[in-house]
Amino acid sequence: MTSEVAKPADAGEAGDVRTAAADEVLARLDRRGGEMYGGEAVTQLQHALQAATLARADEAPPHLVVAALLHDYGHIVTEDEGAAERGIDRMHEDAAADFLAAWFPAEVTEPIRLHVAAKRYLCAIDPVYFDGLSPASVASLAVQGGPFTPDEAAAFAAGPHAADAVRLRVWDDIAKDPAAATPPLADFRREVVAVLRRAG
């Protein structure tokens, strides 16, 4: 995989557009994937690959495998190292969804946008879930607004893409094992290409 590829708009044919988009998205993740994932013991790339591998193991459809792979892409396209520790919410979920919306449909980007809300929802409805969060995730929860109120939880659950966001959140929480084995990034390219928007 090359480190620099053309933007999708630079390609003339639909197939070239999709290939260029997949290459660019994966190249960005590859370039910055060696950075540590917040206060966890894994890198950004390890976390992404573990989440996507868990989605596959759960027999998730391709759009959710891709959402799992790219759910923290906001950390890749913004500079937010240590923001949570400083009490700053960079809204990485919105940064990722907004950036990726140029190429991916809502079934990919909206679970990404909602994966932080899904954590707040699960904390509100399930005390056992909160007890299982990593220290870094507990710290970021405080910055992200804490558990939902009952009314907020109900509104979240009734919204579109909520169920997918909750599934994504569960994989996200598990995907923090420095010893976990995963396929390489290139192995997920087929799902990425399959769910890209069609040109035009």
*From the Cα gyration tensor of the stretch 137-200, with a ≥ b ≥ c the square roots of its eigenvalues, which class applies: rounded if a/c is under 1.5, or else prolate if a/b is larger than b/c, or else oblate?*
oblate
*the stretch 155-177 versus the stretch 100-123: alpha-carbon centroid distance in Å*: 8
*Let a ≥ b ≥ c be the square roots of the eigenvalues of the Cα gyration tensor of the stretch 92-200; is it rounded (a/c under 1.5), or, if not, prolate (a/b larger than b/c) or oblate?*
oblate
*Using the 10 angstrom Cβ neighbour count as an exposure proxy, how do Ser140, Ser134 rank, fewest first?*
Ser134, Ser140
*When Asp23, Asp151, Asp187 are ordered from fewest to most other Cβ atoms inside 10 Å of their Cβ, what list results?*
Asp151, Asp187, Asp23
*Can you work out the FRET efficiency for the pair Thr149 and Thr78, with r the C-beta to C-beta distance and R0 = 25 Å, to the nearest 0.05?*
0.30
*Going by how many other Cβ atoms sit within 10 Å of their own, how do Trp103, Trp171 line up, fewest first?*
Trp103, Trp171
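Values in this text are rule-based calculations from the coordinates and carry no lab data. Worth saying up front: this structure is predicted, and the values here are computed from it rather than measured. A quick note on method: Cβ atoms are made from the backbone with ideal geometry, for glycine too, and the neighbour counts reach across all protein chains shown.
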